[in-house]
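Participant: Let me begin by handing over the structure; questions about it come next.
The values are calculated or read from the model by the stated rules, or taken from the named source; none is laboratory data. Nothing here was measured: the structure is a model prediction, and the numbers come from that model. So basically every Cβ, Gly included, is an ideal-geometry build from the backbone, and we count neighbours across all protein chains shown. These area figures cover heavy atoms from the full protein model, side chains too; ligands, DNA and RNA do not enter into them. Shrake-Rupley method; radii C 1.70, N 1.55, O 1.52, S 1.80 Å.
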Amino acid sequence: MDFKVYDSPTRYLFKSSKKDQAHLVDLLSRDMIGECSCEHFQFKLLPILEAASSAERAEHPSKFRCKHILHARNAVTDIFLCALRATNEINEQ
């Protein structure tokens, strides 16, 4: 998936693979479940998310995330882990 940071480190723009569009992902939105402008999130997942209890959201947050949100979260986690490893390597010297 082709994506880039949009306007902050928690907002990403994904180039759509099927259409000449882009999807905006905000990882901090909706209590850090995330939000995406793609049709799948807007028309399928968001109504389910809005109807879910806060307990259900906390217990199963991934079931409310589209592939763009999941990909962005994985990318941010990879960057964070690389930064932690680099910090640990510096501290060990």
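Participant: Does anyone have the angle between helix 67-92 and the longest principal axis of the chain? Alpha-carbon axes, 0 to 90°, nearest 10?
Facilitator: Taking Cα atoms only, the helix is inclined about 10 degrees.
Participant: Also: Round to a whole number: what % of the accessible area of the chain belongs to carbon and sulfur, probe 1.4 Å?
Facilitator: 54
Participant: If Lys and Arg each add +1 and Asp and Glu each add -1, what is the summed charge of the other residues whose beta carbon sits under 13 Å from the beta carbon of A75?
Facilitator: Overall, the nearby charge balance is +2.
Participant: What percent do you get for the relative contact order of the chain when only Cα pairs under 8 Å and 6+ apart count?
Facilitator: Reported relative contact order: 20 percent.
Participant: Where does the charge balance sit around A52 when Lys and Arg score +1, Asp and Glu -1, over other residues with C-beta under 10 Å from its C-beta?
Facilitator: -1
Participant: Above 19 angstrom, tally the Cα pairs of the chain and express them as a % of all pairs, no decimals.
Facilitator: Taking all Cα-Cα pairs of the chain, the fraction more than 19 Å apart is 46 percent.
Participant: Leaving out ligands and nucleic acids, and using a 1.4 Å probe, what accessible area per residue does the chain come to in Å²?
Facilitator: On the way: 6500 Å² over 93 residues.
I get 70 Å² per residue for the chain.
Participant: For E56 and F80 in one chain, what is 0.36 nm times their gap in residues minus the Cα-Cα distance, to one decimal in nm?
Facilitator: Working: separation 24, 0.36 × 24 = 8.64 nm, distance 2.71 nm.
Result for the pair: 5.9 nm of gain on full extension.
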